[in-house]
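Read through the structure below, which is laid out as structure tokens, and then see the notes.
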Amino acid sequence: MNEANEEGYLEGQLLIAMPSMTDPRFERTVIYMCAHSAAGAMGLVINKAAETITFPDLLVQLGIEPVDTTRNITVHFGGPVDSGRGFVLHSADYVREGTLLVSDDVALTATLDVLRSMADGTGPQQSMLALGYAGWAPGQLDAEIQANGWLHTEADTDLVFDATLEDKWERAFETLGIDPSLLSMDAGHA
């Protein structure tokens, strides 16, 4: 497991749900951490598609006319908090007012402008659109990690933006050199 940033926080890293995670909202999830501080944490699930809406449907609902219809953009389930709100995790080549640079390579934008840019083909080179987010109160994520709920590792942008979702959880474990089938389902203490 790689070290967190110098403050001990996980911004720009991946959280990987342990096999013992029983919460159905987070079972077998990989989460890109957008913010983590003493005030709490926020991230986006990067390996689960939203089941009820497509990108073209979303654009219609928002009154945005798609110009570039060749791109197949998946709408992701970003997490259970504020599920009606959209977030675009994207490459740092697209930075506008309201964009948060999470790392040197990855940014987050939650404005209609980024959706308009994506619809007309002028958006970021790499992107992931999510509805909702995963959020933690102060100290909550740290407690979940200590209780063996999550592993964390440096984010691999190829993995983050890869459109293949089915085996992303297993591939995230592979970045750590771990086979999740060999992990114990129970947390233990010495």
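Local charge sum around residue 178 (other residues, Cβ-Cβ under 13 Å, Lys/Arg +1, Asp/Glu -1)? Don't skip to the end; give the middle numbers.
Details: positive: 171; negative: 170, 174, 179.
Once all neighbours under 13 Å are counted, the net charge is -2.
Contact order normalised by length for segment 15-97, with contacts defined as Cα pairs under 8 Å and 6 or more residues apart; what percent is it? Let's see the in-between values first.
Working: 81 pairs, mean separation 18.3, N = 83.
Relative contact order comes out at 22 percent.
Entry note, the chain: the mean residue ellipticity at 222 nm calculated from DSSP H runs of n ≥ 4, each adding -39500 (n - 2.57), is -5000 deg cm²/dmol after division by the residues and rounding to the nearest 500. Spacing of the modelled spin labels on residue 93 and residue 74, each 7 Å from Cα toward Cβ, amounts to 2.1 nm.
How high is the FRET efficiency between residue 61 and residue 164 when r is their beta carbon distance and R₀ equals 22 Å, given to the nearest 0.05? Can you show the working numbers first?
Values: r = 27 Å, r/R0 = 1.21.
It comes to 0.25.
From the coordinates of this entry, Cα Rg over 2.2 N^0.38 Å is computed, and it appears in (i) 1.53; (ii) 1.03; (iii) 0.97 under the label (ii). Cβ-to-Cβ counts within 10 Å put 176, 159, 129 in ascending order as 176, 159, 129, the fewest first. Between residue 125 and residue 140, the modelled labels are 3.6 nm apart [label points 7 Å from Cα along Cα→Cβ]. Once the Cα-Cα distance is subtracted from the 0.36 nm per residue extended length, the residue 183 to residue 20 segment shows a gain of 57.8 nm.
Label separation (residue 83 vs residue 112): 2.4 nm, computed from points 7 Å beyond Cα along the C-beta direction.
So for 96, 116, fewest C-beta neighbours within 10 Å to most, what's the order? Please report the intermediate quantities before stating the final value.
Values: 96 11, 116 17.
Lowest to highest Cβ neighbour count: 96, 116.
Relative contact order of segment 46-183: 27 percent, from C-alpha pairs under 8 Å at least 6 residues apart in sequence.
Each value in this text was obtained by applying a stated rule to the coordinates, not by laboratory testing. Since we're looking at a predicted model, the values are computed, not measured. So basically every Cβ, Gly included, is an ideal-geometry build from the backbone, and we count neighbours across all protein chains shown.
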